[in-house]
Every structure is written in structure tokens, then in C-alpha cells.
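The structure appears right after this line, and notes come after that.
The values are calculated or read from the model by the stated rules, or taken from the named source; none is laboratory data. Here the structure is a predicted model, which means the values were calculated and not measured. Positions of Cβ are backbone-derived with ideal geometry, glycine not excepted, and every protein chain shown enters the neighbour counts. Accessible surface is based on the protein model in full, side chains and every heavy atom, while ligands, DNA and RNA are left aside. Shrake-Rupley method; radii C 1.70, N 1.55, O 1.52, S 1.80 Å.
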Amino acid sequence: MFSIEHEFDSTVVTLVDEGTAHLQEDISINLFEDCITIEQLDPRTETVQKITLSIAQAEDLAAALDLPEGVYRIAREDE
């Protein structure tokens, strides 16, 4: 299950792990103009862990989901 919310300066996607076994904490993805942050609560330390991706890194990740094993470089329009 997931939700999408539009904030003032970002879009927030929340992913909820559903099922019966080995459930993980919810993940919040904040999409800003210049970066994307991914946040998840670490239940062992009770702190939120945060990862920041550039837009190029996020594009690479999206492309990687559909490619076989290997090393790739995406040709970008601005290069």
C-alpha cells in the first residue's frame, strides 16, 4: 500500500509494508525540485535514517530496475 501527498515544496510518497512476515517500517519518499530524500525509522535506535539522492541518481535507479546485471551510463540531454 502507498499514499501520495502534495506539500508546499515537495511530493511525499509513503510506502507501507503489508503482509504477515518480516514487515519493515514505513518508508517516506520526499520529491523536491533538486533532490529526493528517503526516510525510514530504525526501530532499534528509534531514529529516522535519511538518504538523499540527486535527480540523476534517482533516474539511474529507475532505469536499473529494468536492466540485467552490468555497468551502465545513461546518456542525458544536458551532457
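Here are a few things to note about the model shown:
- In the chain, a dipole from Cβ-located charges (positive for Lys and Arg, negative for Asp and Glu) runs towards its positive end, and of Thr11, Thr52, Asn30 it is Thr52 whose Cα lies farthest in that direction.
- Principal-axis tilt of helix 55-64 within the chain, Cα atoms, nearest 10 degrees: 90
- Residue among Ala64, Ala56, Ala21 with the largest mean-square fluctuation in a Gaussian network model of the chain, springs linking Cα atoms under 10 Å: Ala21
- Qualifying chymotrypsin sites (Phe, Trp or Tyr not before Pro) in the chain, DSSP loop, other Cβ atoms within 10 Å at most 15: Phe8, Phe32, Tyr72
- Per residue value of the accessible surface for the chain (all protein chains in place, 1.4 Å probe), Å²: 85
- Normalising the average separation of contacting C-alpha pairs (under 8 angstrom, six or more residues apart) by the number of residues puts the relative contact order of the chain at 17 percent.
- Here the Karplus curve 6.51 cos²θ - 1.76 cosθ + 1.60, taken at θ = phi - 60°, turns the phi angles of segment 32-39 into couplings of 9, 5, 10, 6, 10, 10, 10, 10 Hz, with x standing for Gly and Pro.
- Mean residue ellipticity, 222 nm, helices only, the chain: the sum of -39500 (n - 2.57) across DSSP H runs of n ≥ 4, divided by residue count and rounded to 500, is -3500 deg cm²/dmol.
- Share of Cα-Cα pairs in the chain lying beyond 22 Å, as whole percent: 40
- Element breakdown for segment 1-55 at a 1.4 angstrom probe: carbon and sulfur atoms account for 55% of the accessible area.
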